[in-house]
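One structure is given below, encoded as structure tokens.
All of the numbers you see were taken from the coordinates with simple rules; none came from a lab. Note that this is a predicted model, so its numbers are computed, not measured. Counting neighbours? That spans all protein chains shown, and the Cβs are built from the backbone with ideal geometry, glycine included.
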Amino acid sequence: MATTVAVVTGASRGIGRQLAVDLARVGYDVVCAARSTESAPSRLPGSVDETAERVRQTGRRGLAVALDVRDEKAVAELAERVFGELGRCDLLINNAAVAAPLPALQDTTRRWRLGVDVNLNGPFYMMYYFCPRMPASDGRVVNISSGAVVTPQFGRPNYTATKRALEGLTEGLAFELRGRVAVNAVRLDLPVWSEGFAATLPEDTDLPFEDPVIMSDAVLWLARQPIEYTGHVLDVTDLRQRGVVRPFTPYQAR
């Protein structure tokens with residue numbers, strides 16, 4: 001049987017890193033994609049190189065790829081590389097996102113376009129170039145959404161609008177790809193730790209952050225569902241009540 005392959009965007013830190021490592025632990029080879037690399041680091045800690053090394057420590061193959069999901073050409077080239085070097089992609093996780101912590105009408109239109117390009121166009125490019133080449137009737141996509149879609153008081157209109165659009169895209173492509181690729185979304189409606197999110201909060205913020213491992217529970221469960229299970233937008237809270245996601249798990253720095 002061929003090795004299963006997962007592609008994770010936003011894999012340099014936080015939820016993306018946790019997903020990559022946990023997927024490797026259950027047998028996936030993992031393509032770790034993000035803008036932050038050892039040769040081009042960001043102001044936040046973490047790189048795809050570090051994540052890929054953690055994947056390799058599990059005994060699976062980890063491929064580190066510098067990728068800006070806004071760049072359609074780069075996404076197309078990544079698809080060629082993945083199918084050329086690894087032969088397949090069974091699971092695509094669209095996790096990369098930005099959430100500008102400013103009122104939209106006080107921010108720049110340039111940052112508005114950034115949110116649209118990363119949070120909506122990026123996942124579309126990934127699905128456009130990967131989904132048609134996924135294994136027949138056995139490919140899966142998980143889009144990471146947010147409780148911000150139903151809480152405009154979160155104060156980040158760009159994030160609310162683009163994540164709500166991502167959920168619509170999930171449902172639309174699930175219909176187009178029914179029977180061939182299952183497309184679902186996980187709506188993160190709890191405060192889960194990520195370096196990117198924490199960096200945008202006031203210093204005196206005191207939230208009951210949970211460990212990103214709870215997102216692995218949700219994604220791994222979706223990856224095991226039959227191909228007919230598609231077009232769903234699932235809250236982490238609801239999945240916890242159903243026993244899919246473990247109980248409250250406080251974040252512990254590691």
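Per residue, the average separation of C-alpha pairs within less than 8 Å and at least 6 apart gives segment 163-254 a relative contact order of 39 percent. For the peptides 25-33, 12-20, 48-56, 192-200, residues were scored by their other Cβ atoms within 10 Å and the scores averaged per peptide; the highest-first order is 12-20, 25-33, 48-56, 192-200. Each of the peptides 104-115, 70-81 was scored by the mean count of other Cβ atoms within 10 Å over its residues; in descending order, highest first, they stand as 70-81, 104-115.
Extension gain, Arg133-Arg56: 0.36 nm per intervening residue step, less the Cα-Cα distance, totals 25.2 nm.
In this simple spin-label approximation, Glu72 and Phe154 carry label points 7 Å from Cα along the Cα→Cβ vector, and these lie 2.7 nm apart. Computing FRET efficiency as 1/(1 + (r/R0)^6) for Thr249 and Thr108, where r is the C-beta to C-beta distance and R0 is 25 Å, gives about 0.10.
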